[in-house]
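J.: Encoded as structure tokens, here's the structure I'll be asking about.
The values are calculated or read from the model by the stated rules, or taken from the named source; none is laboratory data. Since this is a predicted model, take the numbers as computed values, not measurements. Positions of Cβ are backbone-derived with ideal geometry, glycine not excepted, and every protein chain shown enters the neighbour counts. Side chains are part of the model used for accessible areas, which takes the heavy atoms of the whole protein and leaves out ligands, DNA and RNA. Shrake-Rupley method; radii C 1.70, N 1.55, O 1.52, S 1.80 Å.
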Amino acid sequence: MYIISVYPCNKMKELNINEIQKILPQRYPFLLIDKIVEIEPGQRVVAIKNVSNTEGFFPGHFPGKPVMPGALIIEAMAQASIVVYWSKYKDELAKIPDYYLVSVKVDFQKPVYPGDSLLIESKALKIIPKAGFVEVSARVDGAIVSKGQATFAIQR
């Protein structure tokens, strides 16, 4: 598959955790994107979150049957969505903008367990300088675990 890069060489370049930290303000333990594997500037991002059994939320969610909280799956999808925004406006941004999740409607279809690799996709419905409207999904082993739409606001 050929993907247009956000980089001048027009070759696909994955973003590793160090590059992601230059885009997103979150840090451990709240940075929920490990790698960006596909970017179509201003249109689409595919990210990976490797769900480790050492995640701090598993002992309490739930004891004896650990499941990744839905709110954190939503947060991972929101973080991937900000990378879509960044890929469109990165040349215009003097700094990482503040962003806020304004609304989200997500359906959950399957639980996410320790050891799963969460493939997160965010597709732009509309990206404008002060907001973004996206369609989001998360998959494990090709099966949809959650999907929906989100809106975020940007404060530059």
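J.: Run down Arg139, Arg156 and say which single residue is in contact (Cβ under 8 Å) with a residue 12 or more places away in the chain and in contact with a Pro (Cβ under 7 Å, 6 or more places away or on another chain). Steps first, please.
T.: Numbers: Arg139 fails: in contact with a Pro (Cβ under 7 Å, 6 or more places away or on another chain).
From the options Arg139, Arg156, the qualifying one is Arg156.
J.: Within region 122-136, count every residue that is under 14 Å from the mean Cα position of the chain (by Cα) and surrounded by fewer than 19 Cβ atoms within 10 Å (Cβ to Cβ).
T.: If we filter region 122-136 for residues that are under 14 Å from the mean Cα position of the chain (by Cα), which is where we start, we get 122-124, 132-136.
Add one more test, that the residue is surrounded by fewer than 19 Cβ atoms within 10 Å (Cβ to Cβ), and what stays is 123, 133, 135.
The total comes to 3.
J.: Something else about it: What are the residue pairs meeting all of these: first residue in region 81-104, first residue modelled with pLDDT of 90 or more and in a loop (DSSP other than H, G, I, E, B), second residue surrounded by fewer than 21 Cβ atoms within 10 Å (Cβ to Cβ) and of a type in the set (Gly, Ala, Ser), Cβ atoms under 9 Å, and 6 or more apart or on different chains?
T.: Taking only residues 6 or more apart or on different chains, not a single pair turns up.
J.: Being among the β-branched types (Val, Ile, Thr), assigned to a strand (DSSP E or B) and open to solvent by 60 Å² or more (accessible area, probe 1.4 Å), is that true of even one residue in region 112-121?
T.: no
J.: Moving on to the next point. Could you go through region 30-45 and let me know if any residue there is farther than 17 Å from Thr151 by Cα and either touching a Gly at 6+ places or on another chain (Cβ under 9 Å) or free of Cβ contacts under 8 Å to residues at least 12 places away in the same chain (or both).
T.: First, the residues of region 30-45 that are farther than 17 Å from Thr151 by Cα: 30-41.
From what is left, the residues that are either touching a Gly at 6+ places or on another chain (Cβ under 9 Å) or free of Cβ contacts under 8 Å to residues at least 12 places away in the same chain (or both) are none.
No: region 30-45 contains no residue that is farther than 17 Å from Thr151 by Cα and either touching a Gly at 6+ places or on another chain (Cβ under 9 Å) or free of Cβ contacts under 8 Å to residues at least 12 places away in the same chain (or both).
J.: Search region 38-68 for residues being open to solvent by less than 30 Å² (accessible area, probe 1.4 Å) and in a strand (DSSP E or B), and hand back the single one that is nearest to Lys130 (Cα to Cα).
T.: Filtering first and then ranking leaves Val45.
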